[in-house]
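Notes to accompany the following structure.
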């Protein structure tokens, strides 16, 4: 729905822009920016020249702001998120990354029985094109306080909810345009270079690249020979069907739609979650290596420390805790 | 030097923009964007209307892109950084934040006897206005492997080197313009909202605001009554002269220049580092509260986990470690 508004906005923008041009002569190509003369004889009156110059500069700026729809695939980023002390901080820096990426649509899925005001307000002010969803993790699958983070995979239901929404939403967008796009699963604590998004934008089926600081390694990566992925550099069970981190691949929207049952299996053994989706979509020899044949690290599996609240708790006992009305 | 290029760019932009306006009547305020009529009787000819509309839209876009120099103080951000596994990741997301902030000059100071290729290359490609410095921490002041992070303050020499550079550089910028600016100390692992920078831009002497997730608290903050800072909400030694985190204040460049000896004291007791600078610059009752009278958290003291390298080390023993030629 949001994407419809977005397209509508671009369409309106385009319409208004060309309305403004009206029937005036356009001379963008030959007429260089400001101060130089255009060879064209049709508009040598001062006002015509002023119009032409202004149009040109406007065109240049508009071009930068709104790259033509047809040339850029939308990147749908599915991010599971859950309430915790660092949540707003993490979402803040992630949104700042995404704001630099043209034609990005953020699907943020809360692990919660309802949409929280913190996330709702945050998204509203973010300046991003987004869809806000929520689904709670089933109780038996939820990590308990004190569990090690690897015990149960986190974000499974939320990523699947993002896929469900995409499949539902794209039904209403017939034809080629509605199916063009790339799907990426971006956790809210990782670090993403801007180049990563331009690498994944051309994904045909499933594209892959190295991920830094993951799995007890400096990086894990597909190993590429002759342009093909031939094996994986990983510190653990390289025999898994797709021994890759969630941050290390993107899937074309077309492939997601063509395989309506492909999803993440929350019951998959540890380390097999990524494989549970990918094995329903692609074979290893079809993988498309990006990031200079998988020789560049463009994404890092960073983890943020859980802040200690010892002094806060001590002060709360005395009735002197931080004002709960202040959102952190 | 970089800042000169930047100013020149804005000057050229402004010149070109006003050249384009020429002698035409300007009617930005009353004439609403596209499609509605302007009340002004001076330009009811179609071409005049077209010019007015184009100018207005152009003005709007240019305003966004290039705020006029006079209205914006430069924010000089001094960031100490040191080589570690997550360094490039941290600098990457920090640079993405800064790229959104107009008129920001990043002074990045490496804790190193020489400038490293990683940081040099990173800055070169960052798209930011920057100054790259380096100074190694004296051996006796350096944290050793396994020391708790609070044992010795980190980044002292580096922040002082940033101040030294500013004082030296501003000498060559005579007059009011060279002294206008704001100095902020931004560590490379914190999280900064974009609004924070607009809050600090108007700093007259020293401005202050809350910091989230710091000192074992949900947030620490100056407490404001009647527009004045009257005390501090903190979990530890509120009697310190300035019980604030490094991320919680900014200083006007003028004040830094007027007090050439003010700097951070690496021998200050734990928790007194911020005070060691501020007590040479300002009194507590002169502090300027920002962020809605210190009721909004716009910066978070996030800390990134040190990645475990157990599998990497095991593989390296077998000669199967990650390719050291790949920069992480």
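Just so it is clear, none of the values below were taken in a lab; they were calculated from the coordinates. Please read these numbers as outputs of a predicted model, since none were measured by experiment. Cβ coordinates were reconstructed from backbone atoms using ideal geometry, including for glycine residues, and neighbour counts include every protein chain displayed.
Along Cα-to-Cβ, 7 Å out, sits the label point; list in nm, shortest first, how far the one on residue B:318 is from those in the other copies.
5.6
Pull out a ≥ b ≥ c, the square roots of the eigenvalues of the alpha-carbon gyration tensor of the stretch B:171-284, then state rounded if a/c is under 1.5, prolate if not and a/b is larger than b/c, and oblate in the remaining case.
Numbers: a/c = 1.69, a/b = 1.43, b/c = 1.18.
Note, shape of the stretch B:171-284 comes out prolate.
Provide A:137, A:283 in ascending order of the number of other Cβ atoms located within 10 Å of each residue's Cβ, fewest first.
Numbers: A:137 20, A:283 12.
Neighbour counts put them in this order, fewest first: A:283, A:137.
Place a point 7 Å from the Cα of residue B:125 along the Cα-to-Cβ direction; which residues of the stretch A:206-229 have their backbone N under 15 Å from it?
Flagged as within label range: A:210-212.
Whole angstrom only: what separates the Cα centroid of the stretch B:274-313 from the Cα centroid of the stretch B:189-247?
Taking the Cα centre of each part, the stretch B:274-313 and the stretch B:189-247 sit 8 Å apart.
Ranking A:132, A:100, A:301 by Cβ neighbours within 10 Å, fewest first, what do you get? List each step's numbers first, then the result.
Values: A:132 17, A:100 14, A:301 23.
Lowest count first: A:100, A:132, A:301.
Classify the stretch A:74-300 as rounded, prolate or oblate, taking a ≥ b ≥ c as the square roots of the eigenvalues of its Cα gyration tensor: rounded when a/c is under 1.5, otherwise prolate if a/b is larger than b/c and oblate if not. Before the final figure, lay out the partial values.
Details: a/c = 1.41, a/b = 1.18, b/c = 1.19.
Rounded, because the longest to shortest axis ratio a/c is under 1.5.
Would you mind ranking A:165, A:300 by Cβ crowding within 10 Å, fewest neighbours first?
Details: A:165 17, A:300 27.
So the ranking, lowest neighbour count to highest, is A:165, A:300.
Copy-to-copy spacing for residue B:144, label 7 Å out on the Cα-to-C-beta vector, in nm, shortest first?
4.1
Between residue A:241 and the same site in the other copies, what are the distances in nm, shortest first, taking label points 7 Å from Cα along the C-beta direction?
Here the equivalent label points are 6.5 nm apart from this one.
Quick check on the stretch A:209-257: take the gyration tensor over C-alpha atoms, sort the square-rooted eigenvalues as a ≥ b ≥ c, and tell me if it's rounded (a/c under 1.5), prolate or oblate.
prolate
So how long is each side of the stretch A:106-154 along the principal axes, counting just the alpha-carbon atoms, biggest first, in Å?
Sorted from largest, the Cα extents of the stretch A:106-154 read 36, 19, 16 Å.
Work out the mean other chain Cβ neighbour count within 10 Å for the residues of B:232-238 and drop it here as an integer.
Working: counts 0, 6, 2, 10, 1, 0, 0.
Whole-number average of other-chain Cβ neighbours for B:232-238 is 3.
Could I have the simple spin-label model distance between residue A:152 and residue A:316, label points 7 Å from Cα toward Cβ, reported in nm to one decimal?
Result: 2.3 nm between the two label points.
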